[in-house]
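The values are calculated or read from the model by the stated rules, or taken from the named source; none is laboratory data. All values reported here derive from a predicted model rather than from experimental measurement. Note that each Cβ is placed from the backbone with ideal geometry, even for glycine, and that neighbours are counted across all protein chains shown.
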């Protein structure tokens, strides 16, 4: 936002940073990840055009913001979902989450995450069981046309939560091996969240270009690592911080969703607190909540807090005159 | 009546004073649930290796079912002989208090009895957090909406309303609890619940109004207008009804009402800051005002789904 | 100052012009909370209709002896009494429906719509007019609840009043509690849209 | 001053009026409420046993209720059962925690009053003396036909995903499950709320005691043929087919409700615990009844 470059250029750079994980996902889960992403992007862009026409606004589908939303929706849903899901998600994200509230720049919640929360509530089965085990030697068309029930796999976080550490190590390999597997992305999970390496590279590039700052990702991932280390193990201070950061959607959320210009705070200090809040809520939901993964809800819950944070840490010289006290109304 | 009062007083004492005093004299220093089929006991002195490891010496049952003995599979004594881990053949139901009796531990024919339960303080905090976040009255129980949408336009209003509401609800819920426990229940007047509770709420509002007016006129000027609105908020009557339904005790009542009030304040404050931001936005004319507030509240409710199933303590 | 409206006009007024849910935006909690099926809407609507009519009539009968300084407490007492009555009756004769509505029957006592009607209408008007106004308001509430219930039940469960209509469940989302907010918000916007379009057509 | 007096008088009058209205309603409804509650319970009970209006329970069958108490005397705990006697009247049997008989006190209460907890507590307290304290635990309903036990009905409650789930279980004399009914719950509609649906409840039907003890919850979706059989009422499958398919799945675990594993596990474990405890207790009670030669109608 602070940079002088046009919004359009920033948006398309973000899209470019999201392409490598997408390409990799085709090799991990098969060609249908590409199809889901394409459907998602197309329906988001179409929904954007329809909403803007309906509400009598200027159609701005070229700026790429709907493309980002579409890609992110696809990135955070399981790779084996029916193709209808991203379409419905697009309606929720673009029409209800964004344009009803005033269009680009006015959404309160991150549209892609809103779509995921909506899909998880509406299709609890598909959204919690359509995980696929990574392809080993088979072709990328391996999963096309097969029934998902037959091949579904549990995500690492779900295994960890429901069956414990022993079952986790058994199904995903021994300790030193597991980090590399997770880092490269060969594990079950949502379409775009598995490869830590590519997401970090993309995120670092965005920071290098000055499109996002390091404050939110650093404080969020740091909090997740610290709290998981403290409370995530059998006894205090025996959790595995590195695994906590690499598993689930922590990295994708930290670099591409928590840093969304519109729904995150603008001030540096509030950004740090915002990141800590997301991290803490993530660990809370992961360890004690009803869901195995908490990044999505943690960011959603902190979104409305961002404007509160900004108003608390407003630089003095920009502060408007205090509203008249007393009287209440 | 007096009995119940004394008991509550004693519980209070136990909660805050005794844990400090009791330690050091008792054989059992610390106890608690470990893994899902484990109870961990720490002794103040080294105990006999053979007797402590003998599972026949142990009798364990859940408090409401004293006749159902739980099977102790194995007892593992630490090397310093001061702490033992009791492993059971089946997972324990940790919501219940477990009573453990160990025979022959210090001397032949002696018996040591103690009970293991989740910390009561944790349970109370659980009620607070649950009422505030997990079962937030506005976003997951859908109560108090009229006032919620009416007073969430400005942050100042929201703060004033939230704080006034919290004070009134805590006072009125405690009064309702006393009435329910000592008048309605003993005399079989449960059908008068609604009348009595709404009466107590009006009374509290009147009392807060009078006291505030006399004691702190400045505060009254900023909060006074909300007092009338408080009565029209269904949360304020829902809380006494819930505590009567669940037979909550005094502390639980306090925590529930505090959580309900705090949750309302939180919801109101977040909503108001969001709505202030929306003032600048170009909202479609058909959605202006209340409809868009509903849509945003729905998005909040979606986000609050993240808390569902949360069990902190 | 007696009202110059006929009985029918009073009823229609309650259902359309001053619909408690969509126009006056009062009593929103049940509209979101338990409007998952049409049956729930109907049942709570009946309870509210009963309380509204009886307390309107009660206040209207006693309007001359109610001391103005204790006006509000008297209203509250009257409402609480009739809520207790309907609560006891429902618990005794319709235990299943009562269990579904849960705490909301008792919460009728805090519904702003009822107190507001007593203050604005019943304490000034004749018994007859108050009766019809009460009917109108109660029916308006019931209609609103049933409309929301209709949408949510049909879209969420594929049924209406418990009968299978669609044969499949389109979108589970609509019976989830949080969908109440979206459905009510969208319906309000829809009515606003009709009103704006109607005004435009009139002007043209 | 005069104002205040009129206000007080009018308020008092309106309170009295309100009191009269509410009191009258209470008197009129309380009996109906009790009656309806009782009738509802009976309906559930008969429903679980497979009796309907067209297929009423045989004349020779009878329902007996045994109430279990936890008794504290001189800081020692024991278990007490209030059971009917074969020849009129009730007796209160106390059994120590190891299952040994302690005492049997005759209790003077009529058949009509025994269903009310308050009345029961009063007379049992009188029969045991002042130095004991009582806590009512639960009741067991025993159904007999010509004096032979044909079923047990067990009410029970346990924590679910949101609040307590209360249910009633029907067992045959060998503790196999005849049926299960969810009485009250506050689970989410469409998710945990599905526990009240036939396709979920019927999964438990016919599970033997041995199978129940090892019952687990699996997270795979229900096979379609099994689902059809479970919803025989809806899908209109023939009874022979239903029996054949059910036979096939008899030893299988419980299929979790989609998106509501916690509720499913809660119900499964709840049923498991209720049956296990009951099987243990009834064997002790039967032993004591036999040893002491107390003649009961069940």
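Give C:91, C:78 a once-over and let me know the one that is within 19 Å of residue B:203 (Cα to Cα) and touching a helix residue (DSSP H, G or I) at 6+ places or on another chain (Cβ under 6 Å).
C:78
Residue under question is residue C:196, and the condition is that it be surrounded by 15 or more Cβ atoms within 10 Å (Cβ to Cβ), within 14 Å of chain B (Cβ to nearest Cβ) and more than 30 Å from residue C:65 (Cβ to Cβ); does it hold?
Here the answer is no, as residue C:196 does not meet what is asked.
For the range A:213-235, check the following and say yes or no: at least one residue is assigned to a loop (DSSP other than H, G, I, E, B), under 15 Å from the mean Cα position of the chain (by Cα), under 15 Å from residue A:17 (Cβ atoms) and in contact (Cβ under 8 Å) with a residue 12 or more places away in the chain.
There is no residue in the range A:213-235 that is assigned to a loop (DSSP other than H, G, I, E, B), under 15 Å from the mean Cα position of the chain (by Cα), under 15 Å from residue A:17 (Cβ atoms) and in contact (Cβ under 8 Å) with a residue 12 or more places away in the chain.
Please specify each residue of the range B:98-112 satisfying the condition of being surrounded by fewer than 14 Cβ atoms within 10 Å (Cβ to Cβ), in a loop (DSSP other than H, G, I, E, B) and in contact with a strand residue (DSSP E or B) (Cβ under 9 Å, 6 or more places away or on another chain).
B:109, B:110
Residue check, residue C:165 against (1) more than 10 Å from chain B (Cβ to nearest Cβ); (2) surrounded by 13 or more Cβ atoms within 10 Å (Cβ to Cβ); (3) in contact with a helix residue (DSSP H, G or I) (Cβ under 7 Å, 6 or more places away or on another chain), all met but one. Which one?
Result: residue C:165 passes all but (2).
When you check residue B:209 against the structure, is it closer than 19 Å to residue B:141 by Cβ and either within 14 Å of chain C (Cβ to nearest Cβ) or touching a helix residue (DSSP H, G or I) at 6+ places or on another chain (Cβ under 7 Å) (or both), yes or no?
It is false that residue B:209 is closer than 19 Å to residue B:141 by Cβ and either within 14 Å of chain C (Cβ to nearest Cβ) or touching a helix residue (DSSP H, G or I) at 6+ places or on another chain (Cβ under 7 Å) (or both).
Listed here are the residues, each with its yes/no results for (1) without any contact (Cβ under 8 Å) to a residue 60 or more places away in the chain; (2) more than 9 Å from chain B (Cβ to nearest Cβ); (3) on the phi > 0 side of the Ramachandran plot.
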site	(1), (2), (3)
A:266	no, yes, no
A:284	yes, no, no
A:289	yes, no, no
A:293	no, yes, no
A:296	no, no, no
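Given (1) crowded, with 19+ Cβ neighbours inside 10 Å; (2) in contact with a helix residue (DSSP H, G or I) (Cβ under 7 Å, 6 or more places away or on another chain); (3) farther than 30 Å from residue A:288 by Cβ, where does residue D:251 come up short, assuming only one miss?
The single condition residue D:251 does not satisfy is (1).
Name the one entry in D:12, D:29, D:52 that is more than 10 Å from every other protein chain (Cβ to nearest Cβ) and either part of a helix (DSSP H, G or I) or touching a strand residue (DSSP E or B) at 6+ places or on another chain (Cβ under 8 Å) (or both). So that I can check it myself, show each step before the final result.
Numbers: D:29 fails: more than 10 Å from every other protein chain (Cβ to nearest Cβ); D:52 fails: either part of a helix (DSSP H, G or I) or touching a strand residue (DSSP E or B) at 6+ places or on another chain (Cβ under 8 Å) (or both).
After applying the criteria, what remains is D:12.
If I ask for residues that are more than 7 Å from chain A (Cβ to nearest Cβ) and more than 20 Å from residue A:124 (Cβ to Cβ), which ones from the range B:290-299 would you list?
B:290, B:291, B:293, B:294, B:297
In the range D:199-226, what residues are over 15 Å from residue D:267 (Cα atoms), surrounded by fewer than 17 Cβ atoms within 10 Å (Cβ to Cβ), modelled with pLDDT under 80 and touching a strand residue (DSSP E or B) at 6+ places or on another chain (Cβ under 9 Å)?
First, pick out the residues of the range D:199-226 that are over 15 Å from residue D:267 (Cα atoms): D:206, D:208-211, D:220-226.
Applying the additional criterion that residues be surrounded by fewer than 17 Cβ atoms within 10 Å (Cβ to Cβ) yields D:208-211, D:220-221, D:223-225.
Pick out the ones that are also modelled with pLDDT under 80 and you get D:220-221, D:223-225.
Passing the criteria: D:220, D:221, D:223.
If a residue must be closer than 19 Å to residue A:89 by Cβ and out of contact with any helix residue (DSSP H, G or I) (no Cβ under 6 Å at 6 or more places or on another chain), how many such residues does the range A:23-53 contain?
First pass over the range A:23-53, keeping only residues closer than 19 Å to residue A:89 by Cβ: A:25, A:29, A:32-52.
Still in the list and also out of contact with any helix residue (DSSP H, G or I) (no Cβ under 6 Å at 6 or more places or on another chain): A:29, A:32, A:35, A:38, A:42, A:46, A:50, A:52.
Qualifying residue count for the region: 8.
Can you tell me how many residues in the range B:40-77 are within 14 Å of another protein chain (Cβ to nearest Cβ) and assigned to a loop (DSSP other than H, G, I, E, B)?
Final tally of qualifying residues: 8.
Checking the conditions here, which among C:142, C:187, C:116 is within 28 Å of residue B:303 (Cα to Cα), assigned to a helix (DSSP H, G or I) and in contact (Cβ under 8 Å) with a residue 24 or more places away in the chain?
Matching residue, one of C:142, C:187, C:116: C:187.
For the range D:176-188, how many residues meet the condition of being surrounded by fewer than 19 Cβ atoms within 10 Å (Cβ to Cβ) and part of a loop (DSSP other than H, G, I, E, B)?
Qualifying residue count, the range D:176-188: 2.
Those residues that are closer than 20 Å to residue C:87 by Cα, touching a residue at least 40 places away in the same chain (Cβ under 8 Å) and away from chain C (no Cβ under 11 Å), I need them from the range B:183-203; list them, please.
B:184, B:200
Any idea which residue in the range C:137-162 is nearest to the chain's Cα centre (by Cα), counting only those that are more than 26 Å from residue C:53 (Cβ to Cβ) and surrounded by fewer than 21 Cβ atoms within 10 Å (Cβ to Cβ)?
So the residue we want is C:151.
Is the range B:256-267 home to any residue that is closer than 24 Å to residue C:114 by Cα, assigned to a helix (DSSP H, G or I) and more than 7 Å from every other protein chain (Cβ to nearest Cβ)? Give the steps one after another, and end with the answer.
Here is the first cut: in the range B:256-267, the residues closer than 24 Å to residue C:114 by Cα are B:264.
Filter once more, so that each one left must be assigned to a helix (DSSP H, G or I): B:264.
Next, from what is left, pick out any that are more than 7 Å from every other protein chain (Cβ to nearest Cβ): B:264.
The answer is yes; a qualifying residue exists.
Let me confirm something: among B:307, B:313, B:287, which residue is closer than 26 Å to residue A:293 by Cα, at pLDDT below 90 and facing chain A (nearest Cβ under 8 Å)?
Sole residue among the options that is closer than 26 Å to residue A:293 by Cα, at pLDDT below 90 and facing chain A (nearest Cβ under 8 Å): B:307.
Which residues, taken from the range B:144-159, are farther than 14 Å from residue B:222 by Cα, within 8 Å of another protein chain (Cβ to nearest Cβ) and either out of contact with any helix residue (DSSP H, G or I) (no Cβ under 9 Å at 6 or more places or on another chain) or in a helix (DSSP H, G or I) (or both)?
Matches in the range B:144-159: B:145, B:146, B:149.
Take the range B:240-255 and flag every residue that is more than 9 Å from chain C (Cβ to nearest Cβ) and within 18 Å of residue B:123 (Cα to Cα).
Within the range B:240-255, B:243, B:246, B:247, B:248, B:249, B:250, B:251, B:252, B:253, B:254, B:255 qualify.
Could you please let me know if residue A:303 is more than 14 Å from chain B (Cβ to nearest Cβ) and either touching a residue at least 60 places away in the same chain (Cβ under 8 Å) or surrounded by fewer than 24 Cβ atoms within 10 Å (Cβ to Cβ) (or both)?
no
Output the residues belonging to the range D:189-198 that are touching a strand residue (DSSP E or B) at 6+ places or on another chain (Cβ under 7 Å) and either in a loop (DSSP other than H, G, I, E, B) or crowded, with 19+ Cβ neighbours inside 10 Å (or both).
Matches in the range D:189-198: D:195 only.
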